[in-house]
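Since the structure comes first, as structure tokens, the remarks are kept for the end.
The values are calculated or read from the model by the stated rules, or taken from the named source; none is laboratory data. Values in this document were obtained by computation on a predicted structure and should not be read as measured data. Glycine gets a Cβ as well: all are built from the backbone with ideal geometry, and neighbour counts include every protein chain shown.
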Amino acid sequence: MMNPRAGAKAGRRQAKGAGAPGAPAMPETALLKAAYRQMLLTRRMDEKMMILLKQGKSFFHIGASGHEAVQIAAASALRPGGDWAYPYYRDLAFCIGLGMTPEEVFLSFLGKAEDPMSGARQMPSHYSMPHLRIVSQSSPTGTQYLQAVGCALGSKLEGTDEVTYVSSGEGTTSQGDFHEALNWASREKLPVLFCIQDNKYAISVHISQQTTTTVHDLCAGYVNLRRYQVDGTDFAASYDIMREAVAGCRRGEGPAVVVADVVRLLPHSSSDNQAKYRSREDLEAQKARDPIPRLESLLLAAGGVSAEDAEALRDEIRRTVDAAADHAAGRPDPDPATATSGVWRDDVYLPPPGASLTPAAKGEPIVLVDAINHALVEEMARNPRIVVYGEDVEDHKGGVFTATTGLSVRFGRERVFNSPLAESSIIGTAVGLASRGFRPVVEIQFGDYIWPAMNQIRNELATMRYRSANGWSSPVVVRVPVGGYIHGGLCHSQNIEATFAHFPGLYIVYPSNAADAKGLLKSAIRGEDPVLFLEHKGLYRQIYASSPEPDDSFLLPFGRARVAREGSDVTVVTYGALVKRSLDAAAKMQARGVSVEVLDLRTIIPWDREAVLESVAKTGRVLIAHEDVLTAGFGAEVAAVIAREAFEALDAPPMRIGGGDSPVPYSPPLEAAVLPQESDILRGLEELASY
Ligand SMILES: Cc1ncc(C[n+]2csc(CCOP(=O)(O)OP(=O)(O)O)c2C)c(N)n1
């Protein structure tokens, strides 16, 4: 154990030195006493929560015990409600230090309706507090880093001196997102404070199984990254380091990583028993480094508190914690009727003001890729909070498909910039930017390469609003070129809508022509929730997908299908590249005396059930056609709804046509055998018409 006085000296030295501008100037003893109180409060809350858990009043606890000193030190060095925070589940003391109250913590722990973190949607210890700028945390280890980087990028763009705190345990530094975040933050010298709380264990896995070195050494090589190591059980030493690290961030010196050597005094969580994998001696040694007695003896020695004061404080804290828990226990449980509310802002997509199905005026014909470009130009000119980034989007490349051509020249490289070649970074930073009011419109270069960002999309982007009970939102538009028929082989031909349609909280748009693309992209950008905006590569420059350009006020509502062709005998429900193939097949059927109606869904989430059911009620026969893999494709959803809702109107079973249950091969004859052709649609229509 280190000499507590050594830490006190370090604290004094720092108090005279370069402090964090704007941090409250507190007499040293008062600061130590405040820290001591917050540490005791956190510890008692851990104890109380474990009692309540044993009483069956909650289902999960994950403790901060042993980590309190460095957490309170970090909170003390920051400006509550001014700086930004991405704490992790073990950061109870940090959150208390920033100003979260015990009542709020127990409302969450007991899953009450008034839980301010998540409305009792998330498990306990997933902190969120908008007025303290504690951004909602989800559960995957490591997703928080890139969001913190995006948030810090927002501070830089706004020209403020705010600092963004992000934390995790040492095990989580094995995640790729950690290194992506260090890379981006150090490259742009962003004001991010990475606080790595090294308790040596990730559940049962020792750090020696994570890395051959220390986390501190692991971070070497990132230029502009200031690295610190500290005994995180020593409050005074930790505060000293935290103040220095924060002050550097504020001065524009770039990010800092503080690796704090701490102890985990409790098992990983209430579901764990650490005696199964740690020796008695190891556990005893941990107890000897408990940060609370350590600070207590420092205060006693410095005359800051007497033994009687300490005892009285413990009593007061016990009463405070009991009262907070009792208060929370008496509050109502959530109403089950609210269980699915707040997935999207309005539960049902509302068109932005002024949205209409027809443009007020039309101009010269444009192709789809230019429609995308023009929508971006118009919206960026209108809203300075829009930022556009992705791989190769800057001029003079302007995107590999040229969708972003001219944007960086016109709007500057602060608003339009190349990202590193890292999809998780693109989405993660966008989530961070969006949470503080920016409107990121990001590009994933190919749908085939969206998968590294899957975790950020599924667990973070799509759930932000729901999991924070409307406390935070993620209005990010993710533009993604998709689709085949371009001899792109397995990894330049994929369709992805069915996979993502399964993620509540994410809109999915899939236009088939230039006018729709422009009107839908403008609506997507003005919306309040995340949108996956799918652009078919094969349609980008097709003349048949071009349209007279709608005027700049044209905003197309989501969830409104387009009747691409009217008919009375068979309905085709389709979207994307199969709209044209369906229309061609329909024209051939007309020559045979069969009248085919073609509906272009335009948006997948939400999809226009009413239009589909209305058409099927008229025709009694329906073919659902999409390019994506047939099995579990989106057509299965449409068919199931038709079978249930329009059963009595049907004269034939709903039919589906989709891509083969195979990756898309490169060679044209092989590709044609896998992707649906006009002839496949024709055969389906013939079969349905004669059923
Ligand atoms: C991506 C992901 N994988 C696995 C888990 C399950 N899990 C939760 S916490 C944890 C260990 C984290 O250890 P560490 O980062 O060292 O932090 P500590 O809990 O020790 O403070 C694991 C494996 C998860 N939540 N997310």
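List of remarks:
- Segment 146-175: number of residues that are more than 9 Å from the ligand (Cβ to nearest atom) and either free of Cβ contacts under 8 Å to residues at least 12 places away in the same chain or in a helix (DSSP H, G or I) (or both): 15
- Inside segment 181-222, residues that are closer than 16 Å to GLN147 by Cα, aromatic (Phe, Trp, Tyr) and within 13 Å of the ligand (Cβ to nearest atom) make up a count of 1.
- Leading residue by the ranking (farthest from ALA202 (Cα to Cα)) among those in segment 152-180 that are more than 17 Å from the chain's Cα centre (by Cα) and hydrophobic (A, V, I, L, M, F, W, C): LEU157
- Pairing each residue of segment 237-265 that is closer than 20 Å to ALA185 by Cβ and among the hydrophobic types (A, V, I, L, M, F, W, C) with any residue that is assigned to a loop (DSSP other than H, G, I, E, B) and modelled with pLDDT under 95, provided the two are 6+ apart or on different chains, yields C-beta distances under 7 Å for VAL246/ALA20; ALA247/ALA18; ALA247/GLY19; ALA247/ALA20.
- Per-region count, segment 82-133, residues under 14 Å from ILE62 (Cα atoms), under 23 Å from the mean Cα position of the chain (by Cα) and either in a loop (DSSP other than H, G, I, E, B) or among the polar types (S, T, N, Q) (or both): 12
- A single member of PHE106, PHE94 is surrounded by 24 or more Cβ atoms within 10 Å (Cβ to Cβ), aromatic (Phe, Trp, Tyr) and more than 16 Å from the ligand (Cβ to nearest atom), and it is PHE106.
- PRO124 passes every criterion in (1) farther than 25 Å from THR211 by Cα; (2) buried (at least 19 other Cβ atoms within 10 Å of the Cβ); (3) more than 14 Å from the ligand (Cβ to nearest atom) apart from (3).
- Scope segment 558-594; condition part of a helix (DSSP H, G or I), under 18 Å from ALA625 (Cα atoms) and of a type in the set (A, V, I, L, M, F, W, C); matching residues: LEU578, VAL579, LEU583, ALA585, ALA586, ALA587, MET589
- Tally, over segment 500-557, of residues that are assigned to a loop (DSSP other than H, G, I, E, B), aliphatic (A, V, I, L, M) and surrounded by 22 or more Cβ atoms within 10 Å (Cβ to Cβ): 3
- Cβ-Cβ under 6 Å pairs, at least 6 apart or on other chains, segment 521-540 side within 14 Å of PRO351 (Cβ to Cβ), far side of a type in the set (Asp, Glu): LYS522/GLU379; ILE525/GLU379
- From the options SER546, SER553, residue that is among the small types (Gly, Ala, Ser), out of contact with any helix residue (DSSP H, G or I) (no Cβ under 8 Å at 6 or more places or on another chain) and in contact (Cβ under 8 Å) with a residue 12 or more places away in the chain: SER553
- For segment 32-49, a residue qualifies if it is surrounded by fewer than 16 Cβ atoms within 10 Å (Cβ to Cβ) and among the hydrophobic types (A, V, I, L, M, F, W, C), and exactly one does: ALA34.
- The lone exception for PRO557 - which of (1) under 28 Å from the mean Cα position of the chain (by Cα); (2) modelled with pLDDT of 95 or more it fails: (2)
- If you go through segment 245-285 and keep only what is part of a loop (DSSP other than H, G, I, E, B), among the basic types (Lys, Arg) and either within 16 Å of the ligand (Cβ to nearest atom) or more than 17 Å from ASP83 (Cβ to Cβ) (or both), you end up with ARG264, ARG278.
- Pairs, first touching a residue at least 60 places away in the same chain (Cβ under 8 Å) and outside any helix (DSSP H, G or I) in segment 458-472, second among the aliphatic types (A, V, I, L, M) and surrounded by 22 or more Cβ atoms within 10 Å (Cβ to Cβ), C-beta under 8 Å, six or more apart: ALA462/LEU506; SER468/MET117; ALA469/MET117; GLY471/MET117; GLY471/MET129; TRP472/VAL135; TRP472/MET464
- Within segment 294-308, tally of residues that are assigned to a helix (DSSP H, G or I) and surrounded by 14 or more Cβ atoms within 10 Å (Cβ to Cβ): 7
- Flag if LEU53 is assigned to a helix (DSSP H, G or I), modelled with pLDDT of 95 or more, more than 16 Å from the ligand (Cβ to nearest atom) and buried (at least 17 other Cβ atoms within 10 Å of the Cβ): no
- For GLY142, the stated conditions do not hold, so it cannot be described as within 16 Å of the ligand (Cβ to nearest atom), more than 23 Å from MET464 (Cα to Cα) and crowded, with 22+ Cβ neighbours inside 10 Å.
- For segment 56-69, taking the residues that are within 15 Å of the ligand (Cβ to nearest atom) and within 27 Å of the chain's Cα centre (by Cα), the one that is surrounded by the fewest Cβ atoms within 10 Å (Cβ to Cβ) is identified as PHE60.
- Pair list, Cβ under 6 Å, 6 or more apart: segment 594-613 residue surrounded by 19 or more Cβ atoms within 10 Å (Cβ to Cβ) and aromatic (Phe, Trp, Tyr), other residue at pLDDT 95 or above and assigned to a loop (DSSP other than H, G, I, E, B): TRP607/LEU601
- When THR42 is tested against the conditions (1) within 16 Å of the ligand (Cβ to nearest atom); (2) in a helix (DSSP H, G or I); (3) over 27 Å from TYR145 (Cα atoms), the lone failure is (3).
- For segment 225-247, the count of residues that are under 30 Å from GLY154 (Cα atoms) and in contact with an Asp or Glu (Cβ under 6 Å, 6 or more places away or on another chain) is nonzero.
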